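Below is one structure, written out as structure tokens; the observations come after it.
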Amino acid sequence: MAMALNVTRILVGNSGSKLVFSVLRNGQGRFMSTASYEMIQTEKRGAKQNVALITLYRPKALNALCDKLVSELSQAVDCYDKDESVGAIVLTGSEKAFAAGADIKEMLNQTYSKNVKEGLLEAWDKITKCKKP
């Protein structure tokens, strides 16, 4: 009961197949995401925690860009773009590669229209609209 009195907002979001709850308490000036991703890792760095670091994490496929990875990346970039405490976003790869390019195996089973309008490119278009460096 005491916790409920201290809560200002409970934010509910959707991260793929997971429901994400984030709590903003009275007196908290920052939003701290509890989002959990499968193909990327996110964190804030720097003395002021104002640099968002997004790491592509699909090492077995050399971070090949599949629909799910780009969708998660788009969600994270959008979240950090809206976060006023973040001044810059750094995108990096994991282990051996930044990214091997598009996941051709995934694209083989899809139509051209699905690839262009509904999948990877649609989410990528959202990423390109990010206003932060």
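Bear in mind these aren't lab numbers, they're just calculated from the coordinates by the rules spelled out. Computed from a predicted model, the values in this text were never measured in an experiment. Cβ: placed from backbone, ideal geometry, glycine included. Neighbour counts: every protein chain shown.
Contact order for segment 37-128, expressed relative to its length and based on alpha carbon pairs under 8 Å spaced 6+ residues apart, stands at 33 percent. Charge tally around ALA61: other residues with Cβ under 12 Å, Lys/Arg +1 each, Asp/Glu -1 each, net +2. Below 13 angstrom from the Cβ of LYS129, what's the summed charge of the other residues (Lys, Arg +1; Asp, Glu -1)? It works out to a net charge of 0. The radius of gyration of the Cα set in segment 75-122, together with its Dmax, comes out at 14.8, 41 angstrom.
Counting neighbouring beta carbons within 10 Å and listing from fewest to most, the residues GLU38, GLU106 come out as GLU38, GLU106. Taking each of LYS60/LYS114; LYS60/LYS131; LYS68/LYS129; LYS48/LYS129; LYS44/LYS129 in turn, the alpha-carbon distance tops 28 angstrom for LYS60/LYS131.
Here the relative contact order of segment 77-133, from alpha carbon pairs under 8 Å that lie six or more residues apart, stands at 57 percent.
Over all directions, the projected convex hull of the C-alpha atoms in segment 37-128 averages 6.0 nm² in area. Neighbour counts of C-beta atoms inside 10 Å place GLU72, GLU122, GLU43 in the sequence GLU43, GLU122, GLU72, starting with the fewest.
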